[in-house]
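*Asks:* To start, I am sharing the structure in question, which I have written as C-alpha coordinates.
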Amino acid sequence: MNDTNLRSDPGLALPAVVITGGTEGIGRALAEEFARDGHTLVLVARDKAKLDRTAAELAGAYAVEVKVTAQDLTTVEGCAGVEQAVRGFGVYADVLVNNAGVMWGGFFQDADPAVMRRMVDLDVRAVVDLTSRFLPGMLARGRGGVLNVSSMMGYMPVPYEAVYAASKAFVLSFSKALAYETMGTGVTVSVVAPSVVSTALHTKAGGQNCRYLLWFPAWTPEQVAKIAYRRFKRGWWVTLPGIGNKLGAFVMRFVPDFALVPLMGWLFRVRDDQGNVLWPRPLEKPPESKRAPEAAKLKAAD
Ligand SMILES: NC(=O)c1ccc[n+]([C@@H]2O[C@H](COP(=O)([O-])OP(=O)(O)OC[C@H]3O[C@@H](n4cnc5c(N)ncnc54)[C@H](OP(=O)(O)O)[C@@H]3O)[C@@H](O)[C@H]2O)c1
(Lines give C-alpha, C1' and ligand atoms only; values in the text may rest on other atoms or scores of the structure.)
Protein backbone atom coordinates (compact mmCIF):
# COMPACT_ATOMS: atom_id res chain seq x y z
CA MET A 1 0.00 0.00 0.00
CA ASN A 2 1.27 3.49 -0.75
CA ASP A 3 0.14 6.94 0.31
CA THR A 4 -1.92 7.39 -2.85
CA ASN A 5 -4.17 4.62 -1.60
CA LEU A 6 -4.91 6.59 1.53
CA ARG A 7 -6.11 9.74 -0.26
CA SER A 8 -9.82 10.49 -0.13
CA ASP A 9 -12.02 8.70 -2.63
CA PRO A 10 -14.34 11.06 -4.56
CA GLY A 11 -18.02 10.20 -4.16
CA LEU A 12 -17.47 8.41 -0.86
CA ALA A 13 -17.21 9.52 2.74
CA LEU A 14 -13.73 10.48 3.93
CA PRO A 15 -11.19 7.75 4.70
CA ALA A 16 -10.22 7.21 8.32
CA VAL A 17 -7.93 4.99 10.33
CA VAL A 18 -9.77 3.03 13.02
CA ILE A 19 -7.47 2.19 15.94
CA THR A 20 -8.62 -0.01 18.80
CA GLY A 21 -6.95 0.65 22.15
CA GLY A 22 -5.70 3.96 20.79
CA THR A 23 -5.58 5.78 24.12
CA GLU A 24 -2.37 4.39 25.59
CA GLY A 25 0.66 2.21 24.95
CA ILE A 26 1.28 0.87 21.46
CA GLY A 27 -2.15 1.94 20.16
CA ARG A 28 -1.57 5.55 21.18
CA ALA A 29 1.89 5.51 19.54
CA LEU A 30 0.39 4.05 16.33
CA ALA A 31 -2.26 6.79 16.39
CA GLU A 32 0.57 9.36 16.46
CA GLU A 33 2.22 7.73 13.42
CA PHE A 34 -0.97 7.88 11.35
CA ALA A 35 -1.79 11.40 12.61
CA ARG A 36 1.69 12.65 11.66
CA ASP A 37 0.87 11.68 8.05
CA GLY A 38 -2.40 13.63 8.22
CA HIS A 39 -4.90 10.78 8.50
CA THR A 40 -8.29 11.21 10.12
CA LEU A 41 -8.51 8.90 13.13
CA VAL A 42 -11.27 7.01 14.91
CA LEU A 43 -10.04 5.88 18.31
CA VAL A 44 -11.76 3.07 20.19
CA ALA A 45 -11.39 2.19 23.89
CA ARG A 46 -13.68 1.93 26.92
CA ASP A 47 -12.67 5.01 28.91
CA LYS A 48 -14.47 8.00 27.35
CA ALA A 49 -12.57 10.64 29.33
CA LYS A 50 -9.23 9.19 28.24
CA LEU A 51 -10.47 8.99 24.64
CA ASP A 52 -11.48 12.67 24.68
CA ARG A 53 -8.15 13.66 26.21
CA THR A 54 -6.15 11.67 23.64
CA ALA A 55 -8.23 13.05 20.76
CA ALA A 56 -7.67 16.65 21.90
CA GLU A 57 -3.91 16.05 22.25
CA LEU A 58 -3.54 14.41 18.82
CA ALA A 59 -5.78 16.93 17.05
CA GLY A 60 -3.80 19.78 18.64
CA ALA A 61 -0.39 18.30 17.84
CA TYR A 62 -1.01 17.16 14.25
CA ALA A 63 -3.98 19.26 13.04
CA VAL A 64 -5.99 16.18 12.10
CA GLU A 65 -9.56 15.18 12.82
CA VAL A 66 -9.83 12.66 15.63
CA LYS A 67 -13.17 10.99 16.37
CA VAL A 68 -13.71 8.71 19.34
CA THR A 69 -16.12 5.99 20.28
CA ALA A 70 -16.25 4.35 23.71
CA GLN A 71 -16.90 0.64 23.19
CA ASP A 72 -16.18 -2.53 25.11
CA LEU A 73 -14.81 -4.76 22.36
CA THR A 74 -15.23 -7.91 24.43
CA THR A 75 -18.88 -7.78 23.34
CA VAL A 76 -20.46 -8.24 19.92
CA GLU A 77 -22.43 -5.04 20.61
CA GLY A 78 -19.15 -3.17 21.16
CA CYS A 79 -17.80 -4.27 17.76
CA ALA A 80 -21.10 -3.42 16.08
CA GLY A 81 -20.94 -0.05 17.88
CA VAL A 82 -17.61 0.71 16.19
CA GLU A 83 -19.11 0.04 12.75
CA GLN A 84 -22.14 2.24 13.53
CA ALA A 85 -19.95 5.02 14.92
CA VAL A 86 -17.70 5.01 11.86
CA ARG A 87 -20.75 5.36 9.62
CA GLY A 88 -22.21 8.06 11.89
CA PHE A 89 -18.99 10.10 11.68
CA GLY A 90 -19.37 10.22 7.88
CA VAL A 91 -16.10 8.38 7.31
CA TYR A 92 -15.16 4.89 6.20
CA ALA A 93 -12.51 2.55 7.58
CA ASP A 94 -9.66 2.80 5.10
CA VAL A 95 -7.33 1.24 7.66
CA LEU A 96 -8.20 -0.89 10.67
CA VAL A 97 -5.65 -1.31 13.44
CA ASN A 98 -6.57 -4.23 15.71
CA ASN A 99 -4.41 -3.28 18.67
CA ALA A 100 -6.54 -3.45 21.86
CA GLY A 101 -5.51 -6.41 23.97
CA VAL A 102 -5.29 -7.65 27.53
CA MET A 103 -3.03 -10.16 29.25
CA TRP A 104 -3.41 -12.21 32.43
CA GLY A 105 -0.55 -13.98 34.19
CA GLY A 106 -0.79 -16.95 36.54
CA PHE A 107 -1.86 -20.58 36.82
CA PHE A 108 -4.77 -21.20 34.47
CA GLN A 109 -6.59 -23.12 37.21
CA ASP A 110 -6.56 -19.99 39.40
CA ALA A 111 -7.95 -17.71 36.72
CA ASP A 112 -11.48 -16.37 36.90
CA PRO A 113 -13.20 -18.05 33.91
CA ALA A 114 -14.89 -14.74 33.08
CA VAL A 115 -11.49 -13.04 32.80
CA MET A 116 -10.26 -15.79 30.44
CA ARG A 117 -13.41 -15.48 28.33
CA ARG A 118 -12.99 -11.71 28.10
CA MET A 119 -9.35 -12.11 27.07
CA VAL A 120 -10.34 -14.45 24.22
CA ASP A 121 -13.22 -12.11 23.32
CA LEU A 122 -10.92 -9.08 23.03
CA ASP A 123 -7.65 -10.62 21.81
CA VAL A 124 -9.23 -13.05 19.32
CA ARG A 125 -12.95 -12.63 18.68
CA ALA A 126 -12.92 -8.82 18.33
CA VAL A 127 -10.01 -9.04 15.85
CA VAL A 128 -12.02 -11.39 13.64
CA ASP A 129 -15.27 -9.48 14.15
CA LEU A 130 -13.88 -6.03 13.27
CA THR A 131 -11.88 -7.40 10.35
CA SER A 132 -14.97 -9.06 8.91
CA ARG A 133 -16.90 -5.81 9.30
CA PHE A 134 -14.33 -3.60 7.55
CA LEU A 135 -12.25 -5.76 5.20
CA PRO A 136 -14.99 -6.33 2.57
CA GLY A 137 -15.36 -2.55 2.10
CA MET A 138 -11.60 -2.19 1.64
CA LEU A 139 -11.59 -4.97 -0.94
CA ALA A 140 -14.50 -3.37 -2.79
CA ARG A 141 -12.59 -0.07 -2.90
CA GLY A 142 -9.34 -1.84 -3.78
CA ARG A 143 -7.39 0.08 -1.16
CA GLY A 144 -6.58 0.31 2.53
CA GLY A 145 -5.40 -2.27 5.01
CA VAL A 146 -5.53 -4.07 8.33
CA LEU A 147 -2.68 -3.84 10.82
CA ASN A 148 -2.92 -6.43 13.59
CA VAL A 149 -0.90 -6.42 16.80
CA SER A 150 0.31 -9.86 17.86
CA SER A 151 3.36 -10.60 20.02
CA MET A 152 6.57 -12.62 20.09
CA MET A 153 4.61 -14.79 22.53
CA GLY A 154 2.54 -15.86 19.53
CA TYR A 155 5.56 -17.88 18.37
CA MET A 156 5.58 -20.28 21.34
CA PRO A 157 3.50 -21.87 24.09
CA VAL A 158 3.96 -19.84 27.29
CA PRO A 159 3.10 -21.41 30.65
CA TYR A 160 1.34 -18.96 33.03
CA GLU A 161 0.29 -16.95 29.95
CA ALA A 162 -1.33 -19.91 28.24
CA VAL A 163 -4.43 -18.13 26.91
CA TYR A 164 -2.67 -14.88 26.01
CA ALA A 165 0.14 -16.61 24.06
CA ALA A 166 -2.38 -18.83 22.24
CA SER A 167 -4.48 -15.78 21.36
CA LYS A 168 -1.42 -14.05 19.90
CA ALA A 169 -0.57 -17.20 17.91
CA PHE A 170 -4.10 -17.00 16.51
CA VAL A 171 -3.60 -13.35 15.47
CA LEU A 172 -0.29 -14.21 13.76
CA SER A 173 -1.74 -17.14 11.86
CA PHE A 174 -4.96 -15.28 10.94
CA SER A 175 -3.00 -12.27 9.67
CA LYS A 176 -0.56 -14.25 7.53
CA ALA A 177 -3.39 -16.23 5.92
CA LEU A 178 -5.39 -13.06 5.18
CA ALA A 179 -2.26 -11.34 3.82
CA TYR A 180 -1.99 -14.13 1.27
CA GLU A 181 -5.73 -14.12 0.45
CA THR A 182 -5.73 -10.37 -0.21
CA MET A 183 -2.57 -10.30 -2.34
CA GLY A 184 -2.99 -8.20 -5.47
CA THR A 185 -6.23 -6.55 -4.28
CA GLY A 186 -4.70 -3.21 -3.25
CA VAL A 187 -5.40 -4.07 0.41
CA THR A 188 -2.55 -4.76 2.83
CA VAL A 189 -2.87 -7.13 5.78
CA SER A 190 0.07 -6.85 8.13
CA VAL A 191 0.93 -8.03 11.62
CA VAL A 192 3.47 -6.75 14.12
CA ALA A 193 4.85 -9.06 16.80
CA PRO A 194 6.79 -7.06 19.40
CA SER A 195 8.60 -8.52 22.39
CA VAL A 196 8.50 -6.59 25.67
CA VAL A 197 7.19 -3.04 25.35
CA SER A 198 7.13 -0.66 28.31
CA THR A 199 3.39 -0.16 28.77
CA ALA A 200 0.94 -0.73 31.60
CA LEU A 201 -0.06 -4.11 30.08
CA HIS A 202 2.31 -6.13 32.30
CA THR A 203 1.19 -4.56 35.59
CA LYS A 204 -2.47 -4.92 34.60
CA ALA A 205 -1.71 -8.62 33.98
CA GLY A 206 -0.06 -9.05 37.39
CA GLY A 207 3.22 -9.98 35.71
CA GLN A 208 5.33 -7.04 36.90
CA ASN A 209 7.70 -9.32 38.90
CA CYS A 210 8.21 -11.99 36.23
CA ARG A 211 11.75 -12.78 35.11
CA TYR A 212 11.02 -11.97 31.44
CA LEU A 213 10.80 -8.28 32.33
CA LEU A 214 14.31 -8.45 33.81
CA TRP A 215 15.83 -10.53 31.00
CA PHE A 216 14.43 -8.85 27.92
CA PRO A 217 15.18 -5.21 27.11
CA ALA A 218 11.96 -3.22 26.82
CA TRP A 219 11.07 -1.31 23.68
CA THR A 220 9.18 1.95 23.88
CA PRO A 221 5.72 1.97 22.27
CA GLU A 222 6.97 4.74 19.96
CA GLN A 223 9.85 2.58 18.62
CA VAL A 224 7.51 -0.33 17.91
CA ALA A 225 4.86 1.89 16.30
CA LYS A 226 7.38 3.61 14.01
CA ILE A 227 8.66 0.30 12.63
CA ALA A 228 5.21 -1.28 12.39
CA TYR A 229 3.76 1.74 10.58
CA ARG A 230 6.66 2.01 8.13
CA ARG A 231 6.49 -1.67 7.22
CA PHE A 232 2.68 -1.64 7.02
CA LYS A 233 2.87 1.20 4.48
CA ARG A 234 5.40 -0.81 2.48
CA GLY A 235 3.07 -3.82 2.47
CA TRP A 236 5.11 -6.23 4.62
CA TRP A 237 3.10 -9.15 5.98
CA VAL A 238 5.01 -9.59 9.24
CA THR A 239 7.02 -7.16 11.34
CA LEU A 240 9.36 -8.38 14.06
CA PRO A 241 10.91 -5.24 15.52
CA GLY A 242 14.68 -5.53 15.95
CA ILE A 243 17.33 -8.05 14.95
CA GLY A 244 17.03 -9.86 18.31
CA ASN A 245 13.35 -10.68 17.72
CA LYS A 246 13.97 -11.75 14.13
CA LEU A 247 16.77 -14.06 15.27
CA GLY A 248 14.67 -15.33 18.19
CA ALA A 249 11.71 -16.17 15.94
CA PHE A 250 14.03 -17.98 13.51
CA VAL A 251 15.92 -19.97 16.15
CA MET A 252 12.70 -20.98 17.92
CA ARG A 253 11.66 -23.01 14.87
CA PHE A 254 14.51 -25.40 15.66
CA VAL A 255 14.18 -25.59 19.45
CA PRO A 256 12.08 -28.59 20.52
CA ASP A 257 9.13 -27.97 22.84
CA PHE A 258 10.73 -30.08 25.59
CA ALA A 259 13.38 -27.34 25.91
CA LEU A 260 11.37 -24.28 24.85
CA VAL A 261 8.31 -24.72 27.08
CA PRO A 262 10.22 -25.12 30.39
CA LEU A 263 12.38 -22.11 29.47
CA MET A 264 9.25 -20.04 28.88
CA GLY A 265 7.80 -21.38 32.12
CA TRP A 266 10.90 -20.20 34.01
CA LEU A 267 10.75 -16.76 32.42
CA PHE A 268 7.02 -16.21 32.86
CA ARG A 269 6.48 -17.79 36.30
CA VAL A 270 4.49 -15.32 38.39
CA ARG A 271 6.35 -14.04 41.45
CA ASP A 272 5.46 -11.80 44.39
CA ASP A 273 7.05 -8.42 45.18
CA GLN A 274 9.88 -10.18 47.04
CA GLY A 275 10.67 -12.33 44.02
CA ASN A 276 9.25 -15.58 45.48
CA VAL A 277 7.57 -17.80 42.92
CA LEU A 278 3.83 -18.19 43.45
CA TRP A 279 2.15 -21.59 43.67
CA PRO A 280 -1.34 -22.54 42.52
CA ARG A 281 -4.18 -22.36 45.01
CA PRO A 282 -4.91 -25.84 46.37
CA LEU A 283 -7.86 -27.30 44.51
CA GLU A 284 -10.90 -28.28 46.51
CA LYS A 285 -12.30 -31.71 45.77
CA PRO A 286 -15.83 -31.47 44.38
CA PRO A 287 -18.38 -32.77 46.90
CA GLU A 288 -19.33 -36.46 46.53
CA SER A 289 -22.86 -35.54 45.45
CA LYS A 290 -21.44 -33.68 42.40
CA ARG A 291 -18.87 -36.35 41.52
CA ALA A 292 -21.14 -39.33 41.84
CA PRO A 293 -23.14 -38.87 38.58
CA GLU A 294 -19.87 -38.51 36.61
CA ALA A 295 -18.41 -41.61 38.20
CA ALA A 296 -21.64 -43.51 37.50
CA LYS A 297 -21.55 -42.39 33.83
CA LEU A 298 -17.94 -43.58 33.47
CA LYS A 299 -18.80 -46.93 35.06
CA ALA A 300 -21.77 -47.36 32.75
CA ALA A 301 -19.55 -46.66 29.75
CA ASP A 302 -17.04 -49.37 30.75
N1 LIG B 1 3.22 -4.24 26.07
C2 LIG B 1 3.85 -5.27 25.54
O3 LIG B 1 4.92 -5.72 26.02
C4 LIG B 1 3.29 -5.95 24.33
C5 LIG B 1 4.12 -6.85 23.63
C6 LIG B 1 3.61 -7.49 22.51
C7 LIG B 1 2.33 -7.26 22.10
N8 LIG B 1 1.54 -6.38 22.80
C9 LIG B 1 0.17 -6.19 22.31
O10 LIG B 1 0.01 -4.82 21.97
C11 LIG B 1 -1.35 -4.44 22.11
C12 LIG B 1 -1.43 -3.18 22.95
O13 LIG B 1 -0.85 -3.45 24.20
P14 LIG B 1 -0.33 -2.27 25.18
O15 LIG B 1 0.83 -2.83 25.89
O16 LIG B 1 -0.21 -1.01 24.43
O17 LIG B 1 -1.57 -2.23 26.18
P18 LIG B 1 -2.12 -1.07 27.14
O19 LIG B 1 -1.08 0.00 27.31
O20 LIG B 1 -2.66 -1.76 28.33
O21 LIG B 1 -3.33 -0.43 26.30
C22 LIG B 1 -4.46 -1.20 26.02
C23 LIG B 1 -5.46 -0.36 25.23
O24 LIG B 1 -6.58 -1.22 24.92
C25 LIG B 1 -7.79 -0.63 25.41
N26 LIG B 1 -8.70 -1.70 25.83
C27 LIG B 1 -8.49 -2.61 26.82
N28 LIG B 1 -9.57 -3.41 26.97
C29 LIG B 1 -10.47 -2.98 26.04
C30 LIG B 1 -11.79 -3.40 25.70
N31 LIG B 1 -12.42 -4.39 26.37
N32 LIG B 1 -12.45 -2.75 24.71
C33 LIG B 1 -11.84 -1.72 24.05
N34 LIG B 1 -10.60 -1.28 24.32
C35 LIG B 1 -9.93 -1.91 25.31
C36 LIG B 1 -7.33 0.26 26.56
O37 LIG B 1 -8.25 1.32 26.84
P38 LIG B 1 -9.45 1.16 27.95
O39 LIG B 1 -8.83 0.52 29.15
O40 LIG B 1 -9.94 2.56 28.16
O41 LIG B 1 -10.49 0.31 27.29
C42 LIG B 1 -6.02 0.81 26.03
O43 LIG B 1 -6.28 1.88 25.15
C44 LIG B 1 -2.06 -5.64 22.74
O45 LIG B 1 -2.72 -6.37 21.74
C46 LIG B 1 -0.92 -6.46 23.33
O47 LIG B 1 -1.25 -7.81 23.39
C48 LIG B 1 1.99 -5.72 23.88
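The values are calculated or read from the model by the stated rules, or taken from the named source; none is laboratory data. Since we're looking at a predicted model, the values are computed, not measured. Here the Cβ is made from the backbone with ideal geometry for all residues, glycine too, and neighbour counts use every protein chain on show. The area values use the complete protein model at the heavy-atom level, side chains included, leaving out ligands, DNA and RNA. Shrake-Rupley method; radii C 1.70, N 1.55, O 1.52, S 1.80 Å.
*Asks:* For the full complex of protein chains and a 1.4 angstrom probe, list Phe34, Phe89 by accessible area with the highest value first.
*Replies:* Details: Phe34 0, Phe89 65 Å².
If we order Phe34, Phe89 from most to least accessible, we get Phe89, Phe34.
*Asks:* Here's a follow-up. From the protein chains alone at 1.4 Å, what is the descending order of accessible area for Ile227, Ile19, largest first?
*Replies:* Working: Ile227 35, Ile19 0 Å².
From most exposed to least exposed: Ile227, Ile19.
*Asks:* For Val68, what residues show an amide H to amide H distance below 5 Å, using hydrogens built from the backbone and excluding near sequence neighbours?
*Replies:* Leu43
*Asks:* How big is the Cα convex hull of the chain in projection, averaged over all directions, in nm²? It would help to have the intermediate numbers written out before the result.
*Replies:* Numbers: hull surface 78.5 nm².
Taking a quarter of the hull surface, the average projection is 19.6 nm².
*Asks:* Which one of Ala16, Ala249, Ala93 has the biggest mean-square fluctuation once the chain is modelled by GNM with Cα springs under 10 Å?
*Replies:* Checking each option, the largest mean-square fluctuation is seen for Ala249.
*Asks:* Here is a further query. For region 36-69 and region 198-246, what is the separation of their C-alpha centers, rounded to whole Å?
*Replies:* So the two Cα centres are separated by 22 Å.
*Asks:* Another question, if that's okay. So which residue, out of Trp104, Trp279, Trp266, gets the largest mean-square fluctuation from a GNM of the chain using Cα contacts under 10 Å as springs?
*Replies:* Ranking Trp104, Trp279, Trp266 by mean-square fluctuation puts Trp279 first.
*Asks:* Further, regarding this structure: To the nearest 20 debye, what charge dipole does the chain have about its Cα centre, counting +1 at the Cβ of each Lys and Arg and -1 at the Cβ of each Asp and Glu?
*Replies:* Details: 34 positive and 29 negative charges, 90 e Å.
I would put it at about 420 debye.
*Asks:* Let me ask you something else. If you put +1 on each Lys and Arg Cβ and -1 on each Asp and Glu Cβ, how big is the dipole of region 57-153 around its Cα centre, in Debye rounded to 20?
*Replies:* Numbers: 8 positive and 11 negative charges, 78 e Å.
Value, rounded to 20: 380 debye.
*Asks:* Now for a separate question. Gain in length, Thr75 to Phe216, computed as 0.36 nm per residue apart minus the alpha-carbon separation, to one decimal in nm?
*Replies:* Numbers: separation 141, 0.36 × 141 = 50.76 nm, distance 3.36 nm.
Computed gain between Thr75 and Phe216 is 47.4 nm.
*Asks:* From largest accessible area down, sort Asp94, Asp72; use a 1.4 Å probe on the protein chains. Mind showing how you got there, number by number?
*Replies:* Details: Asp94 5, Asp72 60 Å².
Order by accessible area, largest first: Asp72, Asp94.
*Asks:* Here's a follow-up. What fraction of the DSSP beta bridges in region 3-301 is antiparallel, stated in percent and rounded to the nearest 5?
*Replies:* In region 3-301, DSSP labels about 5 percent of beta bridges as antiparallel.
*Asks:* Once every DSSP H run of n ≥ 4 in the chain is given -39500 (n - 2.57) and the sum is divided by its residues, what mean residue ellipticity at 222 nm do you get, rounded to the nearest 500 deg cm²/dmol?
*Replies:* Values: 12 runs with 142 residues, N = 302.
Calculated mean residue ellipticity at 222 nm is -14500 deg cm²/dmol.
*Asks:* Please identify, among Pro136, Pro157, Pro241, the residue showing maximal mean-square fluctuation in a Gaussian network model of the chain using a 10 angstrom Cα cutoff.
*Replies:* Result: Pro136 has the largest fluctuation of those listed.
*Asks:* Kindly rank 54-63, 211-220 from highest to lowest mean number of other beta carbons found within 10 Å of each residue.
*Replies:* Numbers: 54-63: 15.6, 211-220: 14.0.
Highest to lowest by the protection proxy: 54-63, 211-220.
*Asks:* With unit charges on the beta carbons (Lys and Arg positive, Asp and Glu negative) and the dipole taken about the Cα centre of region 45-86, which residue among Ala55, Val82, Thr69 sits farthest to the positive side?
*Replies:* Ala55
*Asks:* Another one. Within the chain, which complete DSSP H helices have Cα atoms spanning at least 20 Å along the helix axis and a mean Kyte-Doolittle hydropathy of 0.0 or higher? Spell out each step's value before the answer.
*Replies:* Working: long enough: 48-62 (21 Å, -0.34); 126-141 (23 Å, 0.76); 162-181 (29 Å, 0.81).
Helices meeting the criterion: 126-141, 162-181.
*Asks:* Please state the relative contact order of region 100-253 as a whole percent: Cα pairs under 8 Å, 6+ residues apart?
*Replies:* Details: 214 pairs, mean separation 39.5, N = 154.
So the answer I get is 26 percent.
*Asks:* Evaluate the relative contact order of region 3-301 (contact order divided by residue number), counting alpha-carbon pairs under 8 angstrom at least 6 apart; express in whole percent.
*Replies:* 17 percent
*Asks:* So if we plug the beta-carbon distance of Arg281 and Gln84 into 1/(1 + (r/R0)^6) with R0 = 45 Å, what FRET efficiency do we get, rounded to 0.05? Could the numbers behind the result be given before it?
*Replies:* Working: r = 42 Å, r/R0 = 0.94.
Calculated transfer efficiency: 0.60.
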